[in-house]
1. Which listed residue (LEU357, VAL72, LEU415) has the Cα farthest towards the positive end of the charge dipole for the chain, taking +1 on Lys and Arg C-beta and -1 on Asp and Glu C-beta about the Cα centre?
2. Rounded to the nearest 20 Debye, what is the dipole magnitude of segment 211-254 about its Cα centre when Lys and Arg each give +1 and Asp and Glu each give -1 at the C-beta?
3. Taking K and R as +1 and D and E as -1, what net charge do the other residues with C-beta under 15 Å from the C-beta of ILE109 add up to?
4. In nm, to one decimal, how far is the modelled label at GLU250 from the one at VAL223, with both set 7 Å along Cα→Cβ?
5. Once the Cα gyration tensor of the chain is diagonalised, what are the square roots of 5 times its eigenvalues, in whole Å and ordered largest first, as equivalent ellipsoid semi-axes?
6. Through the Karplus equation 6.51 cos²θ - 1.76 cosθ + 1.60, θ set to phi - 60°, convert the phi angles of segment 323-331 into ³J(HN,Hα) values in whole Hz; use x for Gly and Pro.
7. Any idea how far apart SER417 and ASP240 come out in nm if each label point goes 7 Å out from Cα toward Cβ?
8. Under 5 Å between amide hydrogens, which residues at least 5 positions from MET317 or on another chain qualify, with H placed 1.01 Å from N in the peptide plane?
Amino acid sequence: MRIYIGNKEIAGYFMRLKDGFDKIGVKADLLYLVGNKFYTVKTSPLLMLNQRMFVFYKKYNKSIYFPAVIPVVILMAIFRMYILASSLVKYDVFILNSEPFFNFSELAILKWFNKKIIVVFLGTESRPSYISGNYVQGKYFSNGKYNFNLCYKEVKSQAERIARIEKYADHIINHPPTALFQKKPFIAWCHIGFPNDVPTKALNVKQSQSRIVKVLHAPSNAVSKGSETIMDIIDKLRKDGLPVEFVKLENVPNEKVLDELAKCDFVVDELYSDIPIGGLGTEAAFAMKPVINGGYYADQIKDDHHHSVIPPSCFCMPENLELCIKEYILNKSKRENDAKILNTFVTENWNSTNIALKYMRIISGDIPSEWKYNPAEIKYFMGYGIEKNKLKSFLIEYIKKFGEKALFLDDKPTLKSHILEFLRVPSN
């Protein structure tokens with residue numbers, strides 16, 4: 001059996017999944033149609049050329065240079081068709097993520113050739129864009145106005161794309177807060193985990209004896225990660241006399257993040273997250289560093305998952321983030337104890353070998369019933385990366401313009417009614 005993993009890297013997840021397959025003796029190859037500037041992965045000249053053409057396309061497809069983009073798009077399509085055709089011969093299992101060959105229409109071809117298809121969603125690609133802070137406060141907001149038309153167009157396309165994936169994929173791995181558009185049961189992400197292994201250089205660094213506590217924050221998107229609020233909290237605590245130093249890294253290679261991770265005392269990852277720990281948090285956990293993550297899902301995660309599969313990070317409501325940071329600054333023994341507990345969890349459950357073995361169970365069809373989640377049970381709708389009152393204001397105007405149908409949740413009447421009730425309640 002040979003496994004195809006593609007078509008782009010996300011937070012180191014897929015390169016470390018391949019490491020896990022290598023360790024258990026299963027042949028798996030990374031084939032990335034799109035590059036990731038934060039991670040360096042060796043690839044073939046053809047894939048490298050395709051990645052560079054994609055960068056050119058993204059840069060110039062909406063500019064005055066668009067005519068020059070047309071031959072690039074044609075050539076890129078030819079390359080992708082060749083890669084897909086050759087992969088049909090070479091691989092038995094396809095583990096795919098948010099970058100398709102041709103908007104996931106290729107899944108019908110893979111299915112026709114009786115290939116095993118596993119699609120992995122890690123957040124933004126499946127979370128409805130109207131509850132994604134990185135879109136609401138970024139892509140859909142400019143010059144003081146929201147572009148509701150663009151939002152509706154992309155959400156409609158997103159819902160259609162997920163339906164297409166559900167039609168052909170053998171299995172989908174997703175997280176309940178981001179799976180609102182799914183209609184069929186899926187494998188809940190917490191039961192699988194985020195593959196990693198111990199970054200030894202982070203563990204081997206001798207910790208400073210200074211009483212100054214170093215806090216690391218490394219956002220990929222400062223707006224959706226709540227970086228400004230996090231910085232304000234740290235600044236306030238510093239002015240209150242607490243011994244704290246704040247290190248913020250933005251848009252830097254993963255190697256640089258690991259270097260700083262080795263030197264910090266704890267990590268503050270996000271303000272409005274819908275997961276207890278993500279890529280950075282997992283790296284921190286393996287490096288024996290505690291993690292604080294804020295998010296509205298913190299109050300609901302235990303409704304969706306047994307405590308045994310929830311990473312024991314400090315996952316708190318956004319309004320409690322300051323208290324959690326303050327406690328970690330003042331209480332070294334708590335930091336160290338929480339780091340050990342979190343490290344034990346990830347090293348036992350989320351090491352790359354263990355997760356590769358979980359994937360082998362999925363491939364073979366040996367899937368425990370408790371791994372499956374019924375999307376009809378989804379209750380959470382506060383999204384990610386945005387304060388709840390800002391989200392409410394956006395959704396009120398969005399629905400006013402397009403109607404309730406624009407939520408694309410007619411198959412989930414209870415969830416839909418909860419959202420509408422939330423919009424009717426006056427903001428605090």
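The values are calculated or read from the model by the stated rules, or taken from the named source; none is laboratory data. Worth saying up front: this structure is predicted, and the values here are computed from it rather than measured. When we count neighbours, we look across all protein chains shown, and the Cβ atoms used for this are built from the backbone with ideal geometry, even at glycine. We work out accessible area using only protein heavy atoms, side chains counted, and drop any ligands, DNA or RNA first. Shrake-Rupley method; radii C 1.70, N 1.55, O 1.52, S 1.80 Å.
1. My answer, from the dipole projection, is VAL72.
2. Details: 7 positive and 6 negative charges, 33 e Å.
Dipole about the Cα centre, nearest 20: 160 debye.
3. +4
4. It works out to 1.1 nm between the two label points.
5. Working: eigenvalues 217, 154, 103 Å².
Whole-Å semi-axes of the equivalent ellipsoid: 33, 28, 23.
6. Each residue's phi maps through the Karplus curve to give 4, 5, 5, 4, 5, 5, 5, 8, 10 Hz.
7. If labels sit at SER417 and ASP240, their model points lie 4.2 nm apart.
8. For MET317, whose amide H was placed from the backbone, the distant partners under 5 Å are GLY295.
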